[in-house]
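I'd like to ask some things about the structure below.
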Amino acid sequence: MNGQYAALIIALPLVSAFFVPVIKAISKKAVMPFLLLVTLAQVGIAGWVFNEVYTSDKPIIVMAGGWRPPVGINLYIGHFAALFVLIIAVISFFMAYFSIKAVKVEPLDKYAMLFLLLMLGATGMIATGDIFNLFVFMEITAITAYALTAYNKTGEAAEASMKYMILGGIGSSFFLIGIALIYGATGTLNMAQIAQLAGNINPTVAQVGLALLIFGLAVEAELFPLNAWAPDAYQAAPHPITVMFSAFVVKAGLYAAARLLYLMQAVSTWHSVLRLLVIMAVLTVVVAEFSALRQRDVKRMIAYSSISQVGMIAFALALGSQAGVDAGVFHMVNHAIVKALLFLGVGYVGIKLGGTTLEDFEGLGRRMPLTAFAITVGSLSAVGIPLFNIFWSKVRIMLAGVSAGYTWGVALILGASVVEAVYYLRLIHRIWFAGGGERLSESFALGAIMLFLVALILVIGFYPNYAWSLAQKAGADIFDVTRYVSNVPLMGVGA
Amino acid sequence: MINDLMILIFAPLVAGILAWAFDVRGIREAIGFIGAAIPVVILAKTYQTVLSNSINYTITVGGFKLIFQLTALNWYFAAVAAIVGIAMALGMISTSRSGYEWLFALMSYTGVLGVFLSQDFIGFFLLWELMTFASFMMVLRNNRHESLKYFVLSVIGAYAMMLGIAILYAKTGALDFATIRQALYMDLSIGAISKGESALLFVLFLTAFGVKAGAFPLHVWAPGAYSEANQSYTSFFSGALSKAGVYGILLLYILMGAKLYAEFGTFHGHLTFAYVIAWIGAITVVVASFLAVLQEDIRKLFAYSSVGQVGYILLAFGVGTSLGFAGGLFHVLSHAVFKGLFWLVTAAIILQTGKTKFKDMGGLAEKMPFTFAMGLIAVLSLSGIPPMAGFASKWLIYEAAIQAHMPLVAGAIFLGSGLAFAYVVRFLYAVWFGQRPSDLDNVKEAPLPLLIGMAILAIPNILFGVAPGLVTEYINKAFGSEIVGGDYFKLVTPTGTYNALLVTIVLVLGLAIAGLVFLYGATTRKIPVTNTYQSGNPVIEDYNLSIRRNFYKPLAEALDFWLKYSWDRFYERIAGIAEDFADTLRQSFYNGNVQSYSWYLAIVLLILALWGVL
Amino acid sequence: MIHISVYYFGAISLILIGLYAVLVKKNLLKMLIGLSIMETGVNLLLISVGYISGRSAPILSEGVGPNQAVDPIPQALVLTAIVIGVATTAMALSVAIILYEKYGTLNVEEIRRLRG
Amino acid sequence: MIGIDWKIVLEVIGMLIYATFMGFIFMGIERKAMARIQRRVGPPLYQPILDTLKLLGKKESVSHGLIYDFGPVFALGATITALLFIPIANFQLFSSNADLIVVAYLLEVPMLGIMLGAMSSGNPYSAVGVQRGLLTMVAMQLPYGLALIAIVQHWGSFKLSEIVALQSVHGWSITVPALLLAFIVFDIVFQAMLGLEPFDIITAPAEISMGPMLEYGGKHAALLFTQHAVQLFAETAFFAVLFLGGASNLIELLIKQIAVLFIAIFVASIYPRFTIDQAAKFFWKWPTIIGIIAVLLTV
């Protein structure tokens, strides 16, 4: 099994997505189990890729159609990509199971297809080594996200999807303009070659091109002024899809932005772009935290909290130092687990009790103790209480932030996380110490998934060494561009 | 020897988790008690080795190197926490209702021990947050508003410390205390940290430790948090947890003392930054004692009194001289011991009578004699009656403050101890004496474990009162220099002496003489308390005269000018404003109109364009 | 250095017109039309980047060799971009239909149930 | 400790008898002088001794329980202890083992004894007496402390014997301007410590008839009278030691004590009684300001 089989992580979801109508024709009930099977296979392949990359310590380069870059499009599955493809696969597998319980709206086969394409889009964005290929995967993710947001066919879902669409549309158009400029200047689309040539193209074109590229991805990665669509989309989308949004769709956008950012290090005005990104990231954290303070709907509250934590990741990645990138990646991993757990818990409450307003959460501790325990662990971890996983990455980000000179930024973020502590702990008080009710039965499998995630949080919280070493390798993969360029077997041709 | 420290720190946490898991009445109490007892055993075992050298232990967690060290100084703090911890465990055997309380009580116990023992900022910050979180959960169970107020203030403190740590890390590149201290020391010549930055660092660390110690402007959380938690836990909460804040101030001296001295120089011969701490301590003592005197609820009274007493310690450290540190450290022990005792007494009263307001209590002296005796010992010790530990430490603080030429600060202590005497006697009158309300007639004595807990805390009060030399001799060893002279029973400082044993003997002789005079007189006929102003008629409920409510109304009238201002209302208003601001921000930004969202995008594009051109 | 040719002005003006429509027009359909105008503008920009004046379309036939034709890569990119544009617009219109059913209006000001 | 030094034991016993006797005489002088100012003859000097002996001789004494008896005993015991730590004229007694702060606190301990007794008597008037006594004590604490601090800062030592020695060398404390202010402050506070006229809120005869001591009769009252006598002697001696340079022999000390007493009596016979919050406001205004000035001058 040499590297070429790694292309399966793209091929498998694509092929099985188109098989779904065939399966539906055979028997309507087989669609969801098929989805489960495919995501399980994806987990298997991603696992194999993960240990292949981490044992051999070399990235897997997949050349589409055997063409060597820069002529052909290549997939670059380095440490970060391997790690995150595995996370995407695992979370998609869990969400596939959750969808069986959560999604009741009729055209389930359409749902399964969109589900697989969303997973494909995110995996593609992370694995690709070519900027136009990145644009194509981004569009796949975007369109499936628009469709899935509107999937419930209610007024709110359609409204949220419409908002997401218009803003996403503008964002991706400008992303394309960016590609046009970069292609015009460098004559190539391959990331590695762009990194080589970035030094000697005329600075204003390079800076505008880079800025537009980052702008396009920033709409996807929910930075401050551009994330107006996110809370509505998170709230209106079906529960499993919200988990996928917050766990990896946003992160794919963020990773792509970081990858492009560090590729274009050689551009002379690089630092001014970085400073702009840091300002936007800090504003994201502060505004999102403040807006979550007096929320009536818990799902929307956790959406705001997810946006603010993503803003913190963006802050870490935009610091421009190795420590910053490592901290950002570590926080990405932790945030994915915690938000998956939280949205899973809230979604499950939404299904069982028919709504996710604060009143439904009153006395949840007595009615659904397992879910209440999961949500409590999730919220405590999100707040950054020690012996939980986010504590470690938050400390890392703060240290990196101040040593990169942004003391005011760290101060604002810490102030915002005080606000975060307030609304999460109000939620915990409402769950355990207010109201009551008789005990409801909770599904065993979902409970098992939640307990697995809780166990993951506690393991990383108590003993973060292994997770931190993974994050460091993945961070180096993004930050160390020279190694990236040397790994890609470039042909001598090109402008 | 090596992993002794790990057992010492994490034994309570493990016991807490087990107690929470086996939530059965008998078992969880036993596990909890064992968990609280292990640290005492280990500390006793390591006493000898600690005097000569220190025990170290390092583990690497998440890329950080956590160093734990047991030296003479932090052994002292850990021992104080251990004594109060054992008393708390005994108290909780009778007052705790569920495994939840055992889990978080013992988790905060682990946090405090960890804070005292850690030698690097990450471990320190981690266990500091753990301690804050655990104590918050104890209060969250009973009252949301108070617990949130407590948590927000302590999280602001913790994050201020986090910022300080990050700045230090950025400047010195190190996280463990030894290297930072070395770097800051060398920094005197290089001057990498400017005056402004060291001022910022000082303020950040001061807020962090000030919140936990309950210093003046940041003390508003204490009354609510102390009175809402389970009372026997509060003995640990106010006895040991406030010491973490004080230990932090001590740490500030050790790490940044030279740097702050170089940056800010001296003011009238005192270190400027120390002078600030002294004045914060003095104001805390006066304000908290005045508020304590006017309280109507027994828990609120002791909460404010606890804040005031910690103010003494801050003041002692603020004096800056080695005698000041000795006085402060001694007061750490005596405060932990007599305040812990007071809270256990309160726990017993509330457990047996179910009342918390002074107006409902009274005349319990006959019904709960042992608790009354323990309460009397605590009263004597807190108000500083000579043969008690409270007096010895207060005497050292007076010596230090006046010797260092800080007259007004010493004046504040005088006023503070006068007020302490007042509110302590008020407690005596309102709870133990006067006419007993009819519904308290069948009150029984407190359960046995609580009584043992009280006894454990009462013995040190007397022991270190009669023989203060035991403590000062240990402090001399901890500081390595002869600060307080004299043998076990006599304290000798350059300007004054205090022979505790002689004072006790003479007091006993005096009592003997007075007793003889008393016995020489006629026989006494004992008549009940109710047969006084009613000239023989029985004292019925509505004519049961006793002034338990508004005991100090005249003082409140004398102070009404000052009582108009309250920091508590001030902070509540700020919180309200912040929340309204958050609301308006959300309404204005996320207004739901896709058009305005696209305008935001357009604006960002404009900024990008301008940014590019600039 | 990409030489500034007249096509860029055309492309950029198209993009700005599209953006203007999205920003100002209240009716949802007009916004969607604005969106697709912007996309065509972007596609035009892509094409004009690869255009070398005086050369023919990049279809290799006997008279046209590699160095007579224009740079083919942007052309390929535009093909995909157009397909994506179509998909997005189709999705947008179907959502607009649902919106009209549920809200009874297409005025963007009124469709504001999800806010705050 | 074990080898009891008989000389000190004899001195102590002699001093106790002398102090109690002189204390009663002071109370007699107090009554006599008050009467003389009000142009009436007044009782003979030894009247208080007769009263105490009469009270001791009563057949039966009423008690409200253990604490009710313990209160006066504790008060008298504490006062005796306080007395034995003050250097009286040439007898050092135990003063080498304690200093100013210890004595200042020992002088306040009897207050707790009286409070304990009064509170356990269950009588509301005595409770009001307790409240007033405490508030007076709280009010006077700040100026009292400032005066003591001024002295210590000037002489640079806490030990009473050293202060006396320094005063004999450099002249009395009141000769020093700063300490003169401290003297004034201490004198006002002294008025409240003795419970004389302007500040006798604690035992306000008309209002709450003897305040805390209301329920006391028979030998309990006798104990309290003896306690008051010894307290009087101790406080005047303390005053003399601090400000009037102590004394080389008993006679000189006696003269100084009586002089101090007369100042207090004259002030007492002129001023009407303060109410308690007026007293608190007064103490925290003038005496505190003068005290702060005195303290700042001596730093």
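The values are calculated or read from the model by the stated rules, or taken from the named source; none is laboratory data. None of the values given here were measured: they were computed from a predicted structure. Cβ placement follows ideal geometry from the backbone for every residue including glycine, while neighbour counts extend to all protein chains displayed.
Restricting attention to the stretch A:125-152, and to residues there that are closer than 18 Å to A:TRP67 by Cβ and assigned to a helix (DSSP H, G or I), which single residue is farthest from the other protein chains (Cβ to nearest Cβ)?
Among those residues, the one meeting the criterion is A:ALA127.
Table: residues versus (1) among the hydroxyl-bearing types (Ser, Thr, Tyr); (2) within 9 Å of chain B (Cβ to nearest Cβ).
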| site | (1), (2) |
| --- | --- |
| D:SER121 | yes, yes |
| D:VAL138 | no, yes |
| D:LEU146 | no, yes |
| D:VAL152 | no, yes |
| D:ILE163 | no, no |
| D:GLN167 | no, no |
| D:ILE174 | no, no |
| D:LEU179 | no, no |
| D:ALA182 | no, no |
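If you don't mind, another one. State which residue is farthest from A:ILE385 (Cα to Cα) when the search covers only the stretch B:101-146 and only residues that are at the interface with chain A (Cβ under 9 Å from one of its Cβ atoms) and modelled with pLDDT under 90.
Applying the filter and picking the extreme gives B:ASN142.
A quick yes/no check of all residues on (1) touching a residue at least 60 places away in the same chain (Cβ under 8 Å); (2) within 20 Å of A:PHE245 (Cα to Cα):
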{"position": "A:ALA336", "(1), (2)": "yes, yes"}
{"position": "A:GLY345", "(1), (2)": "yes, yes"}
{"position": "A:GLY354", "(1), (2)": "no, no"}
{"position": "A:PHE361", "(1), (2)": "yes, no"}
{"position": "A:ASN389", "(1), (2)": "yes, no"}
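How about the stretch B:135-155: which of its residues are in contact with a Gly (Cβ under 8 Å, 6 or more places away or on another chain), surrounded by fewer than 24 Cβ atoms within 10 Å (Cβ to Cβ) and in a helix (DSSP H, G or I)?
B:HIS145, B:GLU146, B:LYS149
Checking the structure you have, find out if any residue of the stretch A:52-68 is out of contact with any strand residue (DSSP E or B) (no Cβ under 9 Å at 6 or more places or on another chain) and buried (at least 24 other Cβ atoms within 10 Å of the Cβ).
no
Shifting gears a bit: Hey, any hits in the stretch A:204-211 for a residue that's within 26 Å of C:GLY41 (Cα to Cα), facing chain C (nearest Cβ under 10 Å) and in contact with a strand residue (DSSP E or B) (Cβ under 6 Å, 6 or more places away or on another chain)?
no
Something else now. Restricting to the stretch B:425-439, name every residue that is assigned to a helix (DSSP H, G or I) and more than 9 Å from every other protein chain (Cβ to nearest Cβ).
Result: B:PHE427, B:ALA430, B:VAL431, B:SER438, B:ASP439.
Limited to the stretch A:459-483, what total is found for residues that are at pLDDT 90 or above, away from chain B (no Cβ under 11 Å) and over 21 Å from the mean Cα position of the chain (by Cα)?
Count: 1.
Looking at the stretch B:569-593, which of its residues are in a helix (DSSP H, G or I) and at the interface with another protein chain (Cβ under 7 Å from one of its Cβ atoms)?
Listed by number, the residues that qualify are B:GLU579, B:ALA582, B:ASP583, B:LEU585, B:ARG586, B:GLN587, B:PHE589.
For the stretch A:347-463, which fully contained helices (runs of 4 or more DSSP H) count at least 1 residues that are among the charged types (D, E, K, R) and farther than 29 Å from A:ILE100 by Cα?
A:389-403, A:407-433
I've got another one for you. Within the stretch A:53-68, how many residues turn out to be outside any strand (DSSP E or B) and in contact with a helix residue (DSSP H, G or I) (Cβ under 7 Å, 6 or more places away or on another chain)?
Number of matching residues: 3.
Let me ask another. Against the definition (out of contact with any Pro (no Cβ under 7 Å at 6 or more places or on another chain) and either of a type in the set (D, E, K, R) or over 26 Å from D:GLY42 (Cα atoms) (or both)), how does D:ILE293 come out, yes or no?
Yes.
What helices (runs of 4 or more DSSP H) completely inside the stretch B:216-276 contain at least 2 residues that are within 30 Å of B:MET186 (Cβ to Cβ)?
B:242-264
Among the listed residues D:ILE201, D:ILE184, D:ILE174, which satisfies the condition of being in contact (Cβ under 8 Å) with a residue 24 or more places away in the chain and buried (at least 19 other Cβ atoms within 10 Å of the Cβ)?
After applying the criteria, what remains is D:ILE201.
Answer yes or no as to whether C:THR105 is farther than 30 Å from A:ASP297 by Cα and hydroxyl-bearing (Ser, Thr, Tyr).
Answer is no for this residue.
Next question. Just one of (1) under 13 Å from the mean Cα position of the chain (by Cα); (2) modelled with pLDDT of 90 or more trips up B:ALA215, so point out which.
(2)
Can you pull out the residues in the stretch D:51-96 that are facing chain B (nearest Cβ under 7 Å), more than 26 Å from B:PRO494 (Cβ to Cβ) and of a type in the set (Val, Ile, Thr)?
Listed by number, the residues that qualify are D:VAL62, D:ILE67, D:VAL73, D:ILE80.
How many residues, within the stretch D:197-239, are at pLDDT 80 or above and of a type in the set (A, V, I, L, M)?
Counting residues in the stretch D:197-239 that are at pLDDT 80 or above and of a type in the set (A, V, I, L, M) gives 9.
Taking the stated definitions as given, is B:ALA410 among the hydrophobic types (A, V, I, L, M, F, W, C), assigned by TED's automatic domain parsing to the domain that holds B:SER242 and more than 19 Å from the chain's Cα centre (by Cα)?
Yes.
Of the residues A:ILE166, A:ILE194, A:ILE177, which is closer than 14 Å to A:ALA206 by Cα, at the interface with chain C (Cβ under 9 Å from one of its Cβ atoms) and in contact with a helix residue (DSSP H, G or I) (Cβ under 9 Å, 6 or more places away or on another chain)?
Among A:ILE166, A:ILE194, A:ILE177, only A:ILE177 is closer than 14 Å to A:ALA206 by Cα, at the interface with chain C (Cβ under 9 Å from one of its Cβ atoms) and in contact with a helix residue (DSSP H, G or I) (Cβ under 9 Å, 6 or more places away or on another chain).
Name the single residue that is farthest from the other protein chains (Cβ to nearest Cβ) among those in the stretch D:241-299 being more than 28 Å from B:ALA422 (Cα to Cα) and of a type in the set (Ser, Thr, Tyr).
D:SER269
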